[in-house]
Amino acid sequence: MTPQLTDNYMVTIAERLKSAYARIALAAKKHHRNEHDVCLLAVSKTKPADFILAAYQQGHREFGESYVQEAVDKITQLANYSDIVWHFIGPIQSNKTALVASHFDWVQSIEREKIAQRLNDQRPADKAPLKVLIQVNISLEDSKSGCHPDKLASLAEFIHHCPHLELRGVMAIPAKTDDPQQQIQYFEQLRACFDRLKAQYPQIDTLSMGMSGDVEAAIAAGSTMVRIGTDIFGQRS
């Protein structure tokens, strides 16, 4: 279990961030990949803006949030740091789409046309198209969010025709397992989904898979973005 952050949280976060980068670099080297082809998304949900700022001061810019109002509060607090890239990675309720469309740069958790349409319609005209990923329920769990793999192609086509959305790839949160081979199997299935979409939509470049417990398996299977929270910011509040 990761210990709680000490009072000197800026030093602690800096050390953990460095460790996360090193872990990615080691896994990339092992699997003959360029470490710079794997983006680290620091998942900052439930953590205060000061923690994000501590990571920012180490040069990190990509942050993931799952709770809309909490995230909007932090985005507002850190508005002067205009080069922060904000990713929404949680389930999206219909009554929250306007906030998500207005405040985020990326949404990784689109799973149905209704939400895609609302995000498209509510994206402010003065902002660039919202970069989006389709969340795929790759392990077919009833309790998991994400579209069924069989519906991926039709959802991708729908998003492709939304002028205020830019489809960039896929994301998944597979079933938890300590079996590396099972991890890789799930990730290879998502990689296949990614490859099929990329063949049709050349702008697709993001395969978001892998968290603290399965970073190595995800990178082995071709992940271009891993999502790490606790190992950087400590246990959730």
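The values are calculated or read from the model by the stated rules, or taken from the named source; none is laboratory data. Everything numeric in this text was worked out from a predicted model, so none of it was measured. Here the Cβ is made from the backbone with ideal geometry for all residues, glycine too, and neighbour counts use every protein chain on show. Areas reflect the complete protein model, heavy atoms only, side chains present, ligands, DNA and RNA absent. Shrake-Rupley method; radii C 1.70, N 1.55, O 1.52, S 1.80 Å.
Amide H contacts of Cys147: Gln135, Val136, Asn137, each under 5 Å away and 5 or more positions distant or on a separate chain (H built 1.01 Å from N in the peptide plane; Pro and chain starts excluded). In a fully extended conformation the segment linking Gln185 and Lys144 would gain 13.0 nm over its present Cα-Cα distance, using 0.36 nm per residue. Helical runs (DSSP H, four residues minimum) scored at -39500 (n - 2.57) apiece and divided by the length of the chain put the mean residue ellipticity at 222 nm at -12500 deg cm²/dmol. The slack in the chain from Ser102 to Leu26, taken as 0.36 nm per residue of separation less the alpha-carbon distance, amounts to 23.7 nm. Rolling a 1.4 Å probe over the heavy atoms of the protein chains gives the chain an accessible area of 49 Å² per residue.
Partners of Lys151 within straight-line reach, counting aspartates and glutamates whose Cα lies under 17 Å from its Cα and excluding those fewer than 8 residues away in the same chain: Glu111, Glu113, Glu141, Asp142, Asp195.
For the options Asp50, Asp142, Asp105, a Gaussian network treatment of the chain with springs between C-alpha atoms closer than 10 Å singles out Asp142 as fluctuating the most. Principal axis extents of the Cα atoms in the stretch 1-103, from largest to smallest and rounded to whole angstrom, are 44, 34, 30. Centre-to-centre separation between the Cα atoms of the stretch 133-172 and those of the stretch 58-84: 24 Å. For the chain, taking Cα atoms only, Rg and Dmax work out to 17.1, 50 Å respectively. Among the aspartates and glutamates, select those whose C-alpha is under 13 Å from the C-alpha of Lys131, and discard any that sit fewer than 8 residues away in the same chain. Of all the aspartates and glutamates, those that pass the test against Lys131 - Cα under 13 Å, at least 8 places apart if same chain - are Asp105, Glu166, Asp205. Computed 3J(HN,Hα) for the stretch 123-140, one whole-Hz value per residue from the Karplus formula 6.51 cos²θ - 1.76 cosθ + 1.60 where θ = phi - 60°, is 5, x, 5, 8, 9, 5, x, 6, 6, 9, 10, 8, 7, 10, 7, 6, 9, 6, glycine and proline marked x. Exposed loop positions in the chain were taken to be chymotrypsin sites (Phe, Trp or Tyr not before Pro) whose DSSP state is not H, G, I, E or B and which have at most 15 other beta-carbon atoms within 10 angstrom. Between these positions, the longest stretch is 82-237. Of the residues Lys74, Lys29, Lys47, the one that moves most in a GNM of the chain with alpha-carbon contacts below 10 Å is Lys29. Backbone amide hydrogens, once placed in the peptide plane, bring Ser109 within less than 5 Å of Leu133, excluding anything fewer than 5 places away on its chain. Which percent of the accessible area of the stretch 90-182 is formed by carbon and sulfur heavy atoms (probe 1.4 angstrom)? Heavy-atom surface of the stretch 90-182 belonging to carbon and sulfur, 1.4 Å probe: 47 percent. Given Lys30/Lys74; Lys29/Lys96; Lys30/Lys127; Lys18/Lys176; Lys96/Lys127, which pairs have Cα atoms separated by over 30 Å? In this structure, Lys30/Lys74; Lys29/Lys96; Lys30/Lys127 exceed 30 Å between Cα atoms.
For the stretch 35-52, putting each phi into the Karplus relation 6.51 cos²θ - 1.76 cosθ + 1.60 with θ = phi - 60° gives couplings of 4, 6, 8, 10, 7, 9, 9, 7, 7, 10, 4, 6, 9, x, 4, 4, 5, 4 Hz, in residue order, rounded to whole numbers and with x for Gly and Pro.
Rounded if a/c is under 1.5, else prolate if a/b beats b/c, else oblate: with a ≥ b ≥ c from the C-alpha gyration tensor eigenvalues square-rooted, which is the stretch 159-210? Prolate shape, in that a/c is at least 1.5 and a/b is the bigger ratio.
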